1. How many of the residues in region 66-106 are of a type outside the set (Val, Ile, Thr), part of a strand (DSSP E or B) and either in contact with a Ser or Thr (Cβ under 8 Å, 6 or more places away or on another chain) or not assigned by TED's automatic domain parsing to the domain that holds Tyr35 (or both)?
2. Since Ala20 meets every condition but one in (1) in contact (Cβ under 8 Å) with a residue 12 or more places away in the chain; (2) farther than 23 Å from Arg112 by Cβ, which condition does it not meet?
3. From the list Asp135, Asp177, Asp187, pick out the single residue that is touching a Leu at 6+ places or on another chain (Cβ under 8 Å) and farther than 30 Å from Gly80 by Cβ.
4. Consider region 68-91. How many of its residues are crowded, with 18+ Cβ neighbours inside 10 Å and within 22 Å of Leu269 (Cα to Cα)?
5. From the list Ala58, Ala32, Ala6, exactly one residue is within 22 Å of Ile165 (Cα to Cα) and crowded, with 20+ Cβ neighbours inside 10 Å. Which is it?
6. It is to be established whether one or more residues within region 172-182 are assigned to a strand (DSSP E or B) and over 25 Å from Ile282 (Cα atoms).
7. Does Val65 satisfy the condition of being modelled with pLDDT of 95 or more, crowded, with 17+ Cβ neighbours inside 10 Å and either touching a Lys or Arg at 6+ places or on another chain (Cβ under 9 Å) or aliphatic (A, V, I, L, M) (or both)?
8. Can you list residue pairs whose Cβ atoms sit under 7 Å apart, with the first residue in region 48-63 being assigned by TED's automatic domain parsing to the domain that holds Ile124 and the second being assigned to a loop (DSSP other than H, G, I, E, B) and of a type in the set (Asp, Glu)? Count only pairs 6 or more apart in sequence or on different chains.
Amino acid sequence: MFGLEAPASQLLYATVMIVATLANGETSTGTAFFYQFKIDAQRSVPTLVTNKHVISGASSVKFLVHEAIIDKETGKQGPGTTSFEVSVPGGLFIEHPGDVDLCAMPFEPLRRQASMQGKEVFFISLTEELIPDDDKLREMSVLEDVVMVGYPIGLSDLANNFPIIRKGITASHPHVDFNGKPWAVVDIASFPGSSGSPVLLLNQGAYGTKGGFVIGSRTLLLGILFAGPVLKTDGTWEIKEIPTAKVRVPVVVTSIPVHLGYYVKAKELNVLKEHLVKTLKIE
């Protein structure tokens, strides 16, 4: 189909749509992405990361994943042409210990469910090396090109099981904690289903720095979308979690999205890692 050498192409295999079945029988959708929590030089824990509110109250969670194939000559794993469904209980996610809308599920339960079907999952993980440190964040411009990968209003390329990639710009400086929270803002329309989408700085060919333009490419994980401001009909505004529930009946529109998104800064994944390591009792 196409090569996976380019970082942008790899993003097509880095996310998965979540379809959560709630206690009342209704379903909701969101986005999760594959992420490797590094334990030491030799070990890491593969997980799926999303927002707490995406799986809140879920009795089960379903994923549509890519099937892996093994090249008989090289022994290397690659993406097949088909996808399949995997369901796991909703209580497997480990939540960020603080007031931060993040959680992660170890990949192993999903792998076991796939194995029971006689299949392997193909995926490409984001890693800790993609998280910019304070120095890198400080050097960034207040105006950077970003992409967000996910499933707005549950949309995807169903034939190929690919997510939707949206492009925008930073709307606050990536180094600054917006309103004193570990958040930042992007100028990207954020719709239901986008919760849990990774927000990445993705430059291909050339990019600007405080010292001038650099020829090359750059991929950094800035954070994870979780909310956005909406304009209310009375003229005031509020911050709302990006909803996940699928609307099945006509409703009166009482708020208007302003095409901005709030993301949890990627550094909070390091806090989540510490809690995950303790919870899983990894030594």
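The values are calculated or read from the model by the stated rules, or taken from the named source; none is laboratory data. What you see is a predicted model, and the numbers here were worked out from it, not measured in a lab. In this analysis, Cβ positions are derived from the backbone assuming ideal geometry, glycine residues included, and neighbour counts consider all displayed protein chains.
1. Step one: list which residues in region 66-106 are of a type outside the set (Val, Ile, Thr), which gives 66-68, 71-73, 75-80, 83-85, 87, 89-93, 95-99, 101-106.
When the remaining residues are screened for being part of a strand (DSSP E or B), the result is 66-68, 77-80, 83-85, 87, 89, 95, 103-106.
Now restrict to residues that are either in contact with a Ser or Thr (Cβ under 8 Å, 6 or more places away or on another chain) or not assigned by TED's automatic domain parsing to the domain that holds Tyr35 (or both): 66-67, 87, 89, 103-106.
Residues in region 66-106 being of a type outside the set (Val, Ile, Thr), part of a strand (DSSP E or B) and either in contact with a Ser or Thr (Cβ under 8 Å, 6 or more places away or on another chain) or not assigned by TED's automatic domain parsing to the domain that holds Tyr35 (or both): 8 in total.
2. (2)
3. On the way: Asp135 fails: touching a Leu at 6+ places or on another chain (Cβ under 8 Å); Asp177 fails: touching a Leu at 6+ places or on another chain (Cβ under 8 Å).
Exactly one of Asp135, Asp177, Asp187 is touching a Leu at 6+ places or on another chain (Cβ under 8 Å) and farther than 30 Å from Gly80 by Cβ, namely Asp187.
4. Number satisfying all stated conditions: 1.
5. Values: Ala58 fails: within 22 Å of Ile165 (Cα to Cα); Ala6 fails: crowded, with 20+ Cβ neighbours inside 10 Å.
Exactly one residue qualifies, and that residue is Ala32.
6. Residues of region 172-182 assigned to a strand (DSSP E or B): none.
For region 172-182, residues assigned to a strand (DSSP E or B) and over 25 Å from Ile282 (Cα atoms): absent.
7. Values: modelled with pLDDT of 95 or more: yes; crowded, with 17+ Cβ neighbours inside 10 Å: yes; either touching a Lys or Arg at 6+ places or on another chain (Cβ under 9 Å) or aliphatic (A, V, I, L, M) (or both): yes.
The answer is yes for Val65.
8. What qualifies is Asn51/Asp101; Lys52/Asp101; His53/Asp101.
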